[in-house]
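The values are calculated or read from the model by the stated rules, or taken from the named source; none is laboratory data. Keep in mind the model is a prediction, meaning the values are calculated, not measured. Cβ coordinates were reconstructed from backbone atoms using ideal geometry, including for glycine residues, and neighbour counts include every protein chain displayed. Only protein heavy atoms, including side chains, enter the accessible area calculation; ligands, DNA and RNA are left aside. Shrake-Rupley method; radii C 1.70, N 1.55, O 1.52, S 1.80 Å.
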Amino acid sequence: MNIWVNARLATVDPRLPGLGVIEDGAVAADGERIVYVGPAADAPGEVLAGRRIDCEGRWITPGLIDCHTHLVHAGDRAHEFELRLQGATYEEIARAGGGIASTVAATRAASEVELTSAARPRLEALVAEGVTTVEVKSGYGLSTADELKLLRAARALGDRATIAATFLGAHALPPEFAGDPDGYIDVVCEEMIPAVAQAGLADAVDAFCEGIGFTPVQTERVFQAAQAAGLPVKLHAEQLSNLDGAALAARYGALSADHLEHLDDAGVQAMAQAGTTAVLLPGAFYFLRDEKVPPIAGLRAANVPMAIATDCNPGTSPLTSLLLAMNMGATLFRLTVEECLTGVTRNAARALGRQDDVGTLEPGKICDLAIWDIERPAELVYRMGFNPLHARVWRGH
Ligand code: DI6
Ligand code: FE
């Protein structure tokens, strides 16, 4: 038994108001599960008898959760960044054969071990900020063998953080299917999803529903194949235009709909009814110099849970700081400090369907903690490029 004492807790427990703050708090874990969270004075004797870790008045939050990343990929797109600085748009570069396709070529050429190694520094940047759970999407392989390779490379990262793997075969059209998106979707549905499910390599299925991605009809076929394989769905929806993707995702009980810059009120209502979490990705909004802000007031009014993630990817969000993503969520999207912190803990867990295991400090959950050298939680959102992490506890140590 370990007990962290002399701490101020932001439990993010939904039964408590605000961030669920407990002053003079203690957290205890037996193995990897939390057995006590509360005022140190109320801790039972057997808990107090555990090995004590003195937090010297520091704050403890749940370990942070980055619930939307494309962390595993080869190469970079610094050259396209330079083209965009000269005036080219993301969509123009994609239509000219660059964009996602260039990362696909590099990823196909890389071995599984090379992919894991390339992702490690990015993962370590997140870990250094107290991140304990990371979602990783496939979608740069786009053939059955390359998607499986990427997902195995993602699973190998599980020695440093809890990895939630998402199959995103419907991310872009691979060059060998040029002109035949329906033929590619046949392969995604009939070959890739069954293979990924059979190998136990994915926890969810995602798609890019967009003018430069796949149509709502194609997306729905992917969702049906996911359902048949027993996998929950999520969706890149309404990022560059409004195709009513969020409402489609909600009809399939999606865990989350992500991006959402062009979401309309009907989409908000559909998400609210289905309990679909809105994953906001201010890093992509910033990097693309987008001007259309997601409908935050509408999501808030409808009580749609909002999460924040890095969207770490080489094309639209080469961001490996969840702390900076929170700052951007506040500065660019006008989220409150409470919304930002809930967005990288409790609601991020929900976006992954892992709310029973992680995302808050509550007995029974996995003991993932971030211990911070701060005076108040707002500091985690307010600073830019400063990391006040004192220690990370992952699965009880
Ligand atoms: N939306 C995004 O922002 C990323 N994927 C997606 O569906 C971009 C991926 C890339 O440009 O490589
Ligand atoms: Fe993404």
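Couplings 3J(HN,Hα) for the stretch 291-306, derived from phi with the Karplus relation 6.51 cos²θ - 1.76 cosθ + 1.60 (θ = phi - 60°), are 10, 8, 7, x, x, 4, 4, x, 4, 5, 5, 8, 6, 6, x, 10 Hz, where x marks Gly and Pro.
State whether the stretch 73-189 is rounded, prolate or oblate according to the following rule on the C-alpha gyration tensor (a ≥ b ≥ c being the square roots of its eigenvalues): a/c under 1.5 gives rounded; otherwise a/b larger than b/c gives prolate, and the remaining case gives oblate.
Details: a/c = 2.16, a/b = 1.27, b/c = 1.70.
Oblate.
Here the Karplus curve 6.51 cos²θ - 1.76 cosθ + 1.60, taken at θ = phi - 60°, turns the phi angles of the stretch 224-235 into couplings of 5, 5, 5, 4, 4, 8, x, 10, x, 10, 9, 8 Hz, with x standing for Gly and Pro. For Glu379 and Arg160, what does the FRET efficiency come to when R0 = 25 Å and r is the distance between their Cβ atoms, rounded to the nearest 0.05? The computed FRET efficiency comes out at 0.45. Here Arg52 and Ser117 are evaluated by their C-beta separation; at R0 = 51 Å the FRET efficiency comes out at 0.85.
Quote to one decimal, in nm, the extra length available between Ala228 and Asp186 on full extension: 0.36 nm per residue of separation minus the C-alpha distance between them.
Details: separation 42, 0.36 × 42 = 15.12 nm, distance 1.43 nm.
Computed gain between Ala228 and Asp186 is 13.7 nm.
In this structure the amide hydrogen of Cys209, modeled in the peptide plane, comes within under 5 Å of the amide hydrogens of Phe214, His236, none closer than 5 places in sequence on its chain. One compactness figure for the chain is 0.96, namely its Cα radius of gyration divided by 2.2 N^0.38 Å. Using the Cβ of Glu135 as centre and a radius below 11 Å, the other residues enclosed give a net charge of -2, where K and R count +1 and D and E count -1.
Would you please classify the overall shape of the stretch 239-397 from the alpha carbon gyration tensor, given that a ≥ b ≥ c denote the square roots of the eigenvalues, rounded means a/c under 1.5, and beyond that prolate means a/b larger than b/c while oblate covers the rest?
Working: a/c = 1.96, a/b = 1.33, b/c = 1.48.
Oblate, because a/c is 1.5 or more while a/b does not exceed b/c.
Each part gets one Cα centre, and for the stretch 127-200 versus the stretch 7-22 those centres are 36 Å apart. Computed from label points 7 Å out along Cα-Cβ, the spacing between Asp357 and His397 is 2.0 nm. Local charge for Asp30 was computed over the other residues whose Cβ lies under 14 Å away, with Lys and Arg +1 and Asp and Glu -1, and equals +2.
Output the peptides 77-86, 35-44, 216-225 sorted from most to least packed, where packing is the average of other Cβ atoms within 10 Å over each peptide's residues.
Values: 77-86: 13.5, 35-44: 17.1, 216-225: 20.0.
By packing density, highest mean first, the sequence is 216-225, 35-44, 77-86.
Placing unit charges on the Cβ atoms only, positive for Lys and Arg and negative for Asp and Glu, gives the stretch 208-348 a dipole magnitude near 260 debye about its Cα centre.
Hey, what's the chain come to in accessible area per residue, 1.4 Å probe, Å²? Intermediate results must be reported in sequence, preceding the final value.
Values: 15070 Å² over 397 residues.
Here the residues of the chain average 38 Å² of exposed surface.
Could you tell me how far the Cα centroid of the stretch 324-356 sits from the Cα centroid of the stretch 57-77, in Å? So the two Cα centres are separated by 12 Å.
Per residue, the chain reaches -9500 deg cm²/dmol at 222 nm when only DSSP H runs of four or more residues are counted, each adding -39500 (n - 2.57). Near the amide H of Leu168, within less than 5 Å, lie the amide hydrogens of Ser138, Gly139, Asp206, all on another chain or at least 5 residues away, with H placed in the peptide plane.
Highest mean packing first, where packing is the average number of other Cβ atoms within 10 Å per residue, the peptides 173-182, 156-165, 244-253 line up as 244-253, 156-165, 173-182. Taking the accessible area of the chain, probe 1.4 Å, and keeping the other protein chains in place, the carbon and sulfur fraction comes to 52%. Find how many whole Å separate the alpha carbon centroid of the stretch 375-389 from the alpha carbon centroid of the stretch 251-269. If we compute the Cα centre of each part, the gap is 30 Å.
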